[in-house]
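Heads up, the thing below is written out as structure tokens.
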Amino acid sequence: MKDKDYSRLFAEFEGVEADLIPVLVRIQERDGYISEEAVRRVSRFLRLSENQIYGVASFYPKFRFTEPGKKSIKVCMGTACHVRGGLFLSEAVGWQLGVGIGQTTADKRFDFQRAGCLGCCTLAPVVMVNEDVHSRMSVIRLKEILEKDD
Amino acid sequence: MKKKNGAVTITMDNQTYQVAPGITILEAAQQNNIEIPTLCAHKDLTPYGGCRMCIVEVEGMRNLPTACTTPISDGMIIRTNTAQVQSVRMEILQLFLSEHTSSCLICEDKDRCREYMGTIRKVGVTTGCRYCSNDGQCELQDVVEKMEVKEIKYPIYYRNLRVEKEDPFYERNYNLCVLCGRCVRMCQEVRVAHVLAFNHRGRETVIGPAYGRTHIEAGCEFCGACVSVCPTGSLTEKARAYEGKPDREELTTCSFCGVGCQMRLLVKGDRIIGSLPADDAPVNGGQLCVKGRFCITELVSGPKRLLRPYRYFDGTEAEVTREAAIATAAEKLSDCAPDEFGMLVSPNCTNEDLYVAQKFARAVMNSHNVDTSARSYYGRGFNAYLDLMRKAAPLSAVREASVILCVGLDTRFGRSVVGVELRRAVRRGARIITINPREHNLTLIAEDWIQTIPGQKTEALHKLVELTGKGASGARKGPRGVSKELVHAAETLAKAESAVILVGSEFLQYDSSAEILESVRQLAQNTGAGVLPLPAQNNLYGSLMMGAYPELIPGGHAAASTKAYGALKKAWGLKGKTVSGGFNAASLGSGKKLKVLYLVGENCPVPAGEAADFIIYQNIYPPGERFHADLVLPAAAFTESDGTFINGEGRVQRVRRAVEPPGDALPDWQILCLIARKMGVEGFDFANVESIHREMAGLVDGFKSFKKPARKPQAYRSTVALDVPAGKLPPAGQVNQKYPFMLSASITEHSHRGFSLSDWVEGTKPLFAEERLSISPADARKARISDGDEVIVTSRGFERVWPARIRPEQAEGTLHVTLYQAQAVNPNPHPVKMRKKNV
């Protein structure tokens, strides 16, 4: 991101401490995550230390600090999904992609996250790929989804 | 019971108490000796209510409020120790302990461990108990003891976090952390440094800087305030971790810079094991910087301290007795003519040492040839600097100013106590302007950061002077070629109700330092601002007042003045003529070679062979590889001698002897007196420091009682100008295609008695980074230089090799290097080119 992109973004704000979370939300909407560069820029804009900003941002699971992949895999960890093998599915995703929770694969194709309840418990276990909900998942179907090109 | 004015009556544990209104239940209990266990409350921090250990029962209140956050009210009925309160506390404490390595808390060897805690390290090796340093500071241990925890019913949830040892001075073991938040609040509320924060949440919560960076990377000042308040063993001082409790404390003055912080030396047996800030001192208000907090122990008790005198003949060192050494010195000095003698004395010495040293030169050697290293440090700008000292405002001015201009000041490692004041000032609404070529720890809080380009330094300040001068109002709208920040800064300064200018070390070694400092003076005049010169030498002021310069005699009078010097000679009972040999620290080595050079707490700034035939070297550490002294005398460190210092604002403060000097070491004044007496000169029969002080007080204003120095901040008064190198500056030149980088150099301000602190304190090496070339990341990428690579820097005049240090704060196209004392880059700043070595 260039200077201009940030100054345009910051122009919407006054530059007071209370702007911190709205600024971070806007950055996450734009970039998909909060980069170190972004934290540095926000630090100078709001005159807060980078450590303070990270402390606030890391409190909220909404903010992520790694670049998202092309496909975002969210494995539901809600009660129903958990009972129907959500944990096993999530481990399978980890093995398949070779990354941990909250991380992105080196080729930037996938990132892997867990979610609370996705609100469709009757379809458990559920995996969400970008905006699509895949119901009654199994490890085999999961593998197919991950290997499918698009 | 008679009711005090405005007091409220409360009932606590069935007793009625009268307490001041507005305090919390916890404070009321502490005032009345009722114990309420607590982990997160601390006297210097705001109430937090995080640990929940201080819960109490209050009649009419739901649940159990925390005593530390609940203010008292009239008629409140409080019970601190009921069965319900105790059982809830026990529950909470056990939850703490399920996450805390608890073996030491319920260990059956606990009592013995406490008794012999000095040996915990050895015990730890055999028993595997190495969880914490058990230095008697663990408040969790105390609480566990008071609550009589016998077992922990919850499963142990050991977080297995890595112990962080990569930073100097302290290590962090967050497995022991109870998340009381004291360190975070210390860092944010008191130091306002904002390095520590709670990261993540819930049971993942961990304390630290952003992105798991090290503290060095995160901009930590290493002030150690977090370590001091930690109630567990999470944060431990590396050097003091296994020392146990100190036997006693001694109040003294730090000798590492001109701020003059008051501190407590922790003494165990005959050793200093640590240093902590003195509470509520007017200078530092309970704060210290990395130098005062962590460097003293290592500096004064290093294994290489000089213990015995020795002589150096033909490449070998031969230890001699103290008597023989004194006799040799006396013999050599007796043979020396006044104009063949030279003495360099450290501006880190006490007033008493400085006084005796210059008296030695004048009364024993009949010579004015005495000088300090400050002359070469300030160079061309020395007189301009003294001008600023004549206008010096007290440090308290920072607390009241509405606008603060910082010129070349970086408060990360040096003078960080002043940095704390600056950040507090911002919080109360003051505006900060900083002038510095580099991004530094004040840029975040400054309203305007005027980034100067080395080589064009005077411009920025000069423009500020113009813009704030009389009749400049018309030009203020935006003269051409003046940056927006500069105009804004000028406006802010001109409109300020009360402004203060702080002068740091950044520009002091520039060739144009005299003009820069002169601009500061004019700017102060234009805006009515006070100036705080903040010298790097702790007793620069004292060295001037004591007359440790060829041009100055005690009291700050001119040596050339027949009247003043006549009076001094009369007071000393001196006859005969005193010779001035044109000697000074800057001219040493050029000109005539001396017969004897006497170094009192100084290093030889030039190769020894060029300086003198015979060098007497008196210091706390050996000269090392830099040069060979012919006679070496061990001296006492400032923790081992009594005396007084005058800090940068002119306040006289005491230094106290905390331990005895090691080996044959003696305080500087005592060695000088021994030599003088050996040479048969009268007037050196001082029994102790107090008697020197008495003699001194008769000659210098402001010294009254030695036991209780009462001199308040006072600007420097002497009007005597010093002899500084003058003449036209060699042209520095501009960057061009051949020499595309502008190199600026400064001399380390973190020095003590002729050495850089990093010579003897290992942990400061990565912090102060002397002799390393700072390069901006963009320039480094272009030149394919990575961190630590050897880089050859070439200009028309010289070629030097330094390891690279890639710093994001360094501006593109500029290079910076901090050098040891007595080194120089001429001209400074200077256009150069660089390339990586071995490619």
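The values are calculated or read from the model by the stated rules, or taken from the named source; none is laboratory data. Computed from a predicted model, the values in this text were never measured in an experiment. All Cβ positions, even for glycine, are placed from backbone atoms using ideal geometry, and neighbour counts span all protein chains on display.
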Practice task
Report, by residue number, each residue of the stretch B:427-442 that is β-branched (Val, Ile, Thr) and either without any contact (Cβ under 8 Å) to a residue 24 or more places away in the chain or under 13 Å from residue B:506 (Cα atoms) (or both).
Solution key: B:434, B:435
Practice task
State whether one or more residues within the stretch A:112-121 are under 26 Å from residue B:214 (Cα atoms) and within 14 Å of another protein chain (Cβ to nearest Cβ).
Solution key: no
Completion exercise
Among B:212, B:219, B:202, the single one that is closer than 16 Å to residue B:50 by Cα, within 12 Å of chain A (Cβ to nearest Cβ) and surrounded by fewer than 22 Cβ atoms within 10 Å (Cβ to Cβ) is B:202
Problem - Enumeration of residues in the stretch A:91-111 that are more than 14 Å from chain B (Cβ to nearest Cβ), surrounded by fewer than 14 Cβ atoms within 10 Å (Cβ to Cβ) and not charged (D, E, K, R) - result: A:95, A:98, A:106
Practice task
For the stretch B:28-59, name all the residues that are touching a strand residue (DSSP E or B) at 6+ places or on another chain (Cβ under 8 Å) and of a type outside the set (Val, Ile, Thr).
Solution key: B:28, B:29, B:31, B:32, B:47, B:49, B:52, B:54, B:57, B:59
Problem - The listed residue being of a type in the set (S, T, N, Q) and over 12 Å from the mean Cα position of the chain (by Cα), out of A:105, A:66 - result: A:105
Practice task
Having 3 or more residues that are of a type in the set (A, V, I, L, M) and crowded, with 22+ Cβ neighbours inside 10 Å is the bar; report the strands (runs of 3 or more DSSP E) wholly within the stretch B:371-460 that clear it.
Solution key: B:403-407, B:431-435
Exercise for the section: For residue B:274, work out the one condition from (1) within 14 Å of another protein chain (Cβ to nearest Cβ); (2) in a strand (DSSP E or B) it doesn't fulfil. Expected result: (1)
Problem - Subset of the stretch A:16-66 [among the hydroxyl-bearing types (Ser, Thr, Tyr), at the interface with chain B (Cβ under 7 Å from one of its Cβ atoms) and not in a helix (DSSP H, G or I)] - result: A:49
Practice task
Kindly check whether there is at least one residue in the stretch B:158-174 that is assigned to a loop (DSSP other than H, G, I, E, B), at negative phi, within 13 Å of chain A (Cβ to nearest Cβ) and surrounded by fewer than 24 Cβ atoms within 10 Å (Cβ to Cβ).
Solution key: no
Completion exercise
The lone condition residue B:61 fails out of (1) among the aliphatic types (A, V, I, L, M); (2) out of contact with any helix residue (DSSP H, G or I) (no Cβ under 8 Å at 6 or more places or on another chain); (3) in a helix (DSSP H, G or I) is (3)
Exercise for the section: Find the strands (runs of 3 or more DSSP E) located wholly in the stretch B:725-839 whose residues include 3 or more that are under 32 Å from the mean Cα position of the chain (by Cα) and exposed (fewer than 14 other Cβ atoms within 10 Å of the Cβ), and list them. Expected result: none
Problem - Condition check for residue B:648: touching a residue at least 40 places away in the same chain (Cβ under 8 Å), crowded, with 22+ Cβ neighbours inside 10 Å and outside any strand (DSSP E or B) - result: yes
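Sort through A:88, A:13 and tell me the only one that's on the phi < 0 side of the Ramachandran plot, part of a loop (DSSP other than H, G, I, E, B), away from chain B (no Cβ under 14 Å) and over 13 Å from the mean Cα position of the chain (by Cα).
The match here is A:13.
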Practice task
Give me a count of the residues in the stretch A:69-82 that are modelled with pLDDT under 90 and either surrounded by fewer than 17 Cβ atoms within 10 Å (Cβ to Cβ) or at the interface with chain B (Cβ under 9 Å from one of its Cβ atoms) (or both).
Solution key: 1
Exercise for the section: Identify all residues within the stretch B:341-374 that are farther than 18 Å from residue B:589 by Cβ and within 20 Å of the chain's Cα centre (by Cα); write none if there are none. Expected result: B:346, B:347, B:348, B:349, B:350, B:351
Fill in the blank from the handout: residue B:43 meets each of (1) touching a residue at least 24 places away in the same chain (Cβ under 8 Å); (2) surrounded by fewer than 17 Cβ atoms within 10 Å (Cβ to Cβ) with one exception, condition (1)
Practice task
Could you check, for the stretch B:147-157, whether at least one of its residues is in contact (Cβ under 8 Å) with a residue 24 or more places away in the chain, touching a helix residue (DSSP H, G or I) at 6+ places or on another chain (Cβ under 7 Å), part of a loop (DSSP other than H, G, I, E, B) and within 25 Å of residue B:284 (Cβ to Cβ)?
Solution key: no
